[in-house]
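Encoded as structure tokens, the structure appears first; notes follow it.
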Amino acid sequence: MATSICLMLWLLLVADTVWTQSVRQAYEVQDSEDWDVHDDFYCPRECFCPPSFPTALYCENRGLTEIPAIPSRIWYLYLENNLIETVPEKPFENATQLRWINLNKNRITNYGIEKGALSQLKKLLFLFLEDNELVEVPSPLPRSLEQLQLARNKVSRIPQGTFSNLENLTLLDLQHNRLVDNTFQRDTFKGLKNLVQLNMAKNALRNMPPRLPANTMQLFLDNNSIEGIPENYFNVIPKVAFLRLNHNRLSDAGLPSRGFDASSILDLQLSHNRLTNFPRINANLQHLHLDHNKIRNVNVSAVCPTTLRAEQDAFIHGPQLSYLRLDGNEIKPPIPMDLVTCFKLLQAFII
């Protein structure tokens, strides 16, 4: 029990690093040598430069149609909720210290992004381009990038080699776009050696995306039309701990023969699918969402995971499941007592 809790906390800590480590890097104390002293007090008239935060430039909600010239001292640039259609090189020619750019809720198209405008920003860590008019993932992007947020665009294409140099990227958010199965090639994600979180929820996928980065720990595929998971799919992503497949079209026949017995999976969400049986799970699993399927009964002898080997070759008897949702199915009482006997660590059971 103690080992399992420690493992869960460790994995949560690693996942949280996707955000916290990058934020610490972005907000480290700046050396005055990082910007031009003659530029210290310049502020574009369209924007606001807080005296207490000299490396930030606030230009949001101002009806801007163009990006103003960015002073060389700026690390954090806020341009969200404007009418900007283009991202040219010129406004950024002195902005060599930029770590953070927020361009959410504008009218930016792929044709409007001048080639080299973003890739020249050699220290950029965070790029927000949500709620724009992009039809493909923009490229080229700076090698330094750690988070790329592209939710709620019209992305249906990922040109070959787009991610080939983004080895520092830890988070890629493509939710609520127009991704389909033929968007992906076998080498689409090649280069993303350190990716931890991949979000492709709310697209038009019917199959699981191929050849995901091996370090992926969080995979979100909710609200697609996925019908099946190939055999041995999780061998390619042996570190996946959080898997969300809610609101898809998964049936019993669409699951791999070994189910979800990948020992890395700690949180599995399969709500609002077409399952009629309780799927096979691994003994390390801690949270399981099976609500709103078509499950009629639970064959405990078939689904109860076997014992698992813990650190130093000690044995932990019994599965680690602590949260289980089965509401919205066709299960009729009484619930088999064997279910409680199997999952002795259950703390929340919704039916």
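The values are calculated or read from the model by the stated rules, or taken from the named source; none is laboratory data. These figures come from a predicted structure and were not determined experimentally. Every residue, glycine among them, receives a Cβ derived from its backbone with ideal geometry; neighbour counts consider all protein chains shown. Note: accessible area is taken over every heavy atom of the protein model, side chains too, but ligands, DNA and RNA are not part of it. Shrake-Rupley method; radii C 1.70, N 1.55, O 1.52, S 1.80 Å.
Looking only at the range 138-158, which residues are open to solvent by less than 50 Å² (accessible area, probe 1.4 Å) and either modelled with pLDDT under 95 or not in a loop (DSSP other than H, G, I, E, B) (or both)? Result: Gln147, Leu148, Gln149.
Residue-by-condition table, conditions (1) among the aliphatic types (A, V, I, L, M); (2) over 30 Å from the mean Cα position of the chain (by Cα); (3) modelled with pLDDT of 95 or more; (4) not in a loop (DSSP other than H, G, I, E, B):
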| site | (1), (2), (3), (4) |
| --- | --- |
| Pro54 | no, yes, no, no |
| Leu57 | yes, no, yes, yes |
| Ala69 | yes, yes, yes, no |
| Glu80 | no, no, yes, no |
| Glu85 | no, no, yes, no |
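For the range 73-101, filtering for residues that are open to solvent by 20 Å² or more (accessible area, probe 1.4 Å) and not aromatic (Phe, Trp, Tyr) leaves 12. For the range 107-120, the candidate set comprises residues that are surrounded by fewer than 21 Cβ atoms within 10 Å (Cβ to Cβ) and touching a Phe, Trp or Tyr at 6+ places or on another chain (Cβ under 9 Å); within that set, the residue that is nearest to Glu60 (Cα to Cα) is Ala117.
Each residue in the range 121-137 was checked for being open to solvent by 10 Å² or more (accessible area, probe 1.4 Å), in contact with a Ser or Thr (Cβ under 9 Å, 6 or more places away or on another chain) and farther than 22 Å from Gly161 by Cα, and 0 of them qualify. Taking the range 278-303 as the range and being within 19 Å of Asn224 (Cα to Cα), in a loop (DSSP other than H, G, I, E, B) and not basic (Lys, Arg) as the test, the residues that pass are Leu290, Asp291, His292, Asn293.
State which residue is farthest from Gln147 (Cα to Cα) when the search covers only the range 163-212 and only residues that are among the acidic types (Asp, Glu) and at pLDDT 95 or above. Before you say what the answer is, go through the steps one by one.
Of the residues in the range 163-212, the ones among the acidic types (Asp, Glu) are 167, 173, 181, 187.
Retained after the next criterion (residues that are at pLDDT 95 or above): 167, 173, 181.
Details: Glu167: 11, Asp173: 8, Asp181: 24 Å.
So the residue we want is Asp181.
Just to confirm my filter: which strands (runs of 3 or more DSSP E) fall fully inside the range 188-277 and include at least 3 residues that are not acidic (Asp, Glu)?
Numbers: elements: 197-199, 218-220, 242-244, 267-269.
The strands (runs of 3 or more DSSP E) meeting that bar are 197-199, 218-220, 242-244.
Restricting attention to the range 329-351, the residues being farther than 19 Å from Leu285 by Cβ, of a type in the set (A, V, I, L, M, F, W, C) and open to solvent by 80 Å² or more (accessible area, probe 1.4 Å) number 1.
Residue under question is Ala201, and the condition is that it be within 21 Å of Leu324 (Cβ to Cβ), in contact (Cβ under 8 Å) with a residue 24 or more places away in the chain, open to solvent by less than 60 Å² (accessible area, probe 1.4 Å) and among the small types (Gly, Ala, Ser); does it hold? Reasoning before the result, please.
Values: within 21 Å of Leu324 (Cβ to Cβ): no; in contact (Cβ under 8 Å) with a residue 24 or more places away in the chain: yes; open to solvent by less than 60 Å² (accessible area, probe 1.4 Å): yes; among the small types (Gly, Ala, Ser): yes.
It is false that Ala201 is within 21 Å of Leu324 (Cβ to Cβ), in contact (Cβ under 8 Å) with a residue 24 or more places away in the chain, open to solvent by less than 60 Å² (accessible area, probe 1.4 Å) and among the small types (Gly, Ala, Ser).
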